[in-house]
Amino acid sequence: MMRWIYWFGWMTLGSAFRSLFGMRVIGAEKLVTEGAVLVASNHESFLDPPLIGNLYTTEMWYLARKTLFRDFGAWLYPRWNAIPVDQDRPDMGSLKTVIKLLKEGKRVLVFPEGERTLDGNLGEVQPGIGLIAVKSGAVIQPVRIRGAREALPRGSGKIRFARISVTVGDPIRLTEEEIKASHGKEGYQVISKRIMDAIAAL
């Protein structure tokens, strides 16, 4: 089920993605649609969160820059399940929120790179998503977006017409042994790299 405000954004943006960008989904049959899912995607554009959200017919949660939560955004973004992140002074608060949501059986989108790409290439993976994966024990769903950067590049406020595709990869389920062995920054980084490698392979 979707609350009306979430449904309205989901429907409106989804229709725009399909009509303006010819959004194509590859591997939809691999989507894990029940239970806690940590969705991990490359980050090309501000369009990415609603693009991923449109893969599902139920609500999911997202990380969003703290600066977006101003004026009307302070009302709208929490209702679209956005979790504020301070990119200038990152702390554990947002990560703890994500872990809590996953332990409650929710679906959460995280970008392992932490920021949008400048040149279209995959960026350096951060240990944060590895920490989330280990602490939550959630199924990890790798996803690769292509074309969103051409549609709305970083630093631009102008929408351009471009073909967008979203490729869904095989889910990753960490074993108990992997979880026990993957603690501390180095251990989290190993899991993060495994997730990023799965995205890169799509």
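From the list Arg163, Arg144, the one residue that fits, being part of a strand (DSSP E or B), open to solvent by 20 Å² or more (accessible area, probe 1.4 Å) and either under 16 Å from Leu20 (Cβ atoms) or at pLDDT 95 or above (or both), is Arg144. I'd like to know if segment 130-146 contains one or more residues that are in contact with a Ser or Thr (Cβ under 9 Å, 6 or more places away or on another chain), of a type in the set (Lys, Arg) and in contact (Cβ under 8 Å) with a residue 12 or more places away in the chain. Scanning segment 130-146 turns up at least one residue that is in contact with a Ser or Thr (Cβ under 9 Å, 6 or more places away or on another chain), of a type in the set (Lys, Arg) and in contact (Cβ under 8 Å) with a residue 12 or more places away in the chain.
If you filter segment 116-144 down to residues that are among the charged types (D, E, K, R) and over 11 Å from the mean Cα position of the chain (by Cα), you find that the one that is farthest from Ile195 (Cα to Cα) is Asp119.
For Gln126, the criteria (1) open to solvent by 20 Å² or more (accessible area, probe 1.4 Å); (2) more than 18 Å from Leu47 (Cβ to Cβ); (3) not in a loop (DSSP other than H, G, I, E, B) hold in every case but one, which is (3).
If you go through segment 34-76 and pick out every residue that is over 19 Å from Phe8 (Cα atoms), surrounded by fewer than 14 Cβ atoms within 10 Å (Cβ to Cβ) and modelled with pLDDT of 90 or more, you end up with 4. The single condition from (1) under 21 Å from Ile172 (Cβ atoms); (2) surrounded by 13 or more Cβ atoms within 10 Å (Cβ to Cβ); (3) out of contact with any Ser or Thr (no Cβ under 9 Å at 6 or more places or on another chain) that Glu104 fails is (2).
The values are calculated or read from the model by the stated rules, or taken from the named source; none is laboratory data. Since the structure is predicted, the reported quantities are computational estimates derived from the model, not experimental observations. Backbone-built Cβ (ideal geometry, glycine too); neighbour counts: all protein chains shown. Calculation scope for accessible area: heavy atoms of the full protein, side chains included, ligands and nucleic acids excluded. Shrake-Rupley method; radii C 1.70, N 1.55, O 1.52, S 1.80 Å.
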